[in-house]
Structures are given as C-alpha cells and as structure tokens.
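Asks: Submitted below is the structure of interest, expressed as structure tokens.
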Amino acid sequence: MKDVMVADPTTAKASLSAPPVRQRRARRSRENVEGCIREAARRLFADRGYAATTTREIAEQADVSETLLFRYFGDKAQLFDAVIIEPFNQVIRKFTMAQTSFHGPDAPDLYRLVFDLLTENRDLLTAIVIGRAQGATAADHHSPSFEPFFQAGLASLNAEYAAAGITPPFDLDIGIRLTFGMMGSAVLMRDWLFPPGDGARDHILAASEEIVRRALRVPLKT
C-alpha cells in the first residue's frame, strides 16, 4: 500500500489566511506627477467644462491624491489657469512674435494661419469659452490675453493706411477684434454653422479673407 501524504492543517490554514502580497508602485518624479495632473485636467476641462469638473475626478484620472493635486496647484481655479489659460496665452504670444508683418506684400497668409492655430488648439479654446460661461475666469483669475495679437495687427493696419494717405473708415481696433471673433466662432461652431460640404477649411477661409479685405484693408486702387 502506498503512503498517503497528509497536509499539515496548521500550514494549510496559515496559507489561506495570509494576505496577498501587494506590489509597491514605483515612485514617480515630481515632473511625472505634475504632467499626469495637467493632462487629466486639460482633458476633463475641455470635455466637461470648468463647473462640471471636480478636483477629485482630476486626481483619480491622474492617479494621485487630491491632497497632492492641491499641493501642486493650490485650487481648481489655479489649476484651470495653469493648464488652460496660460498655455493658450503662450500660443498667442509665440504666434504673434513669429509674425514680423501682419499685412502688406510680404505678409504671411495670416488668416489661414490664425484659423489653423485655433483649430490645432480647439480643446483649449473650447475649455476657455465654456469655463468663462461657468465663471472660471472671474475677477480673481486670469483671462485669455489676445491683446498681443490685436495690438500687432492694429499697428500694422494703421501703418498701411498711413502709407496710403487714407483715413480708416471706422475703428480698426474693433474691426480686428470682430475678425478674430469670427475666426474663433468658425472653429468652435464649425459643425453647427456650415452644412456638410460647405464647412471645408478652404471654403471658410476664402470667404473670410474676402470679408476682411473688403472691410479692414486699404481699398485697392482702381
């Protein structure tokens, strides 16, 4: 008769009651943690808006504690400024500095560049517009600054009119701001404003450029 091995009941009971060994998560660098928070916040703010996004949700998405989020960014308003407002302002500043001339024969195809710039940063622009409506840019927060773009465009247009010896027919500053608003609306509300087929980039830009040429630019000599 073969010997039968009988398990020690004490050992069996101990193995069943022993807690599972938890793997310790590798320590992340400050840069990695901050990057995760920024990415999660930007995504949620763009998808849901400022009011509907909570810091708890952002922390969960970033896989950090809410306490750590506050330690890095202070509060939700400061986080919104850091991941939405300031990056957008940087985009506008860099774009404005890169354009040595806004008008004239050597000017780049500015309105196409602006349209593409806003399209590429549509998530930031969407979050800013929704956040503004929900109170994210109150008096104690920063607002998006389009002034560098407006002032550079205005200076160039004024110089163009002065060189032609013509007095602008209306307030060019207002005209530039309305033009920018038109471009931003075309980007944000593209699916609503244009029926299928009419919302193609080139169609929108061709019409926009003609409107701007007739309204803002120095009249062509006939």
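The values are calculated or read from the model by the stated rules, or taken from the named source; none is laboratory data. Owing to the predicted nature of the structure, the values given are computational and were not obtained by experimental measurement. Note: ideal-geometry Cβ built from the backbone for every residue, glycine included; neighbour counts use all protein chains shown. Protein only, heavy atoms only, side chains kept; ligands, DNA and RNA dropped before computing areas. Shrake-Rupley method; radii C 1.70, N 1.55, O 1.52, S 1.80 Å.
Asks: So R56 clears everything in (1) over 28 Å from M189 (Cα atoms); (2) at pLDDT below 90; (3) in a helix (DSSP H, G or I) except one condition, right? Which one?
Replies: The one condition R56 does not meet is (2).
Asks: Scan the stretch 123-145 and tell me whether some residue there is closer than 18 Å to M97 by Cα and at pLDDT below 80.
Replies: yes
Asks: Also, quick follow-up: Can you name every residue in the stretch 155-210 that is open to solvent by 70 Å² or more (accessible area, probe 1.4 Å) and basic (K, R)?
Replies: Those that are open to solvent by 70 Å² or more (accessible area, probe 1.4 Å) and basic (K, R): R177, R201.
Asks: Do you know which residues across the stretch 113-134 are surrounded by fewer than 17 Cβ atoms within 10 Å (Cβ to Cβ), closer than 18 Å to A206 by Cβ and either without any contact (Cβ under 8 Å) to a residue 24 or more places away in the chain or not hydroxyl-bearing (S, T, Y) (or both)?
Replies: Result: L113, D116.
Asks: Taking E86, is it at pLDDT 85 or above, over 20 Å from the mean Cα position of the chain (by Cα), open to solvent by less than 90 Å² (accessible area, probe 1.4 Å) and of a type in the set (D, E, K, R)? Reasoning before the result, please.
Replies: Values: at pLDDT 85 or above: yes; over 20 Å from the mean Cα position of the chain (by Cα): no; open to solvent by less than 90 Å² (accessible area, probe 1.4 Å): yes; of a type in the set (D, E, K, R): yes.
Criteria not met by E86.
Asks: So if I check each of A40, A46, A51, which one is on the phi < 0 side of the Ramachandran plot, in a helix (DSSP H, G or I), touching a residue at least 40 places away in the same chain (Cβ under 8 Å) and open to solvent by less than 80 Å² (accessible area, probe 1.4 Å)? Give the steps one after another, and end with the answer.
Replies: Details: A40 fails: touching a residue at least 40 places away in the same chain (Cβ under 8 Å); A51 fails: in a helix (DSSP H, G or I).
That would be A46, the only listed residue that is on the phi < 0 side of the Ramachandran plot, in a helix (DSSP H, G or I), touching a residue at least 40 places away in the same chain (Cβ under 8 Å) and open to solvent by less than 80 Å² (accessible area, probe 1.4 Å).
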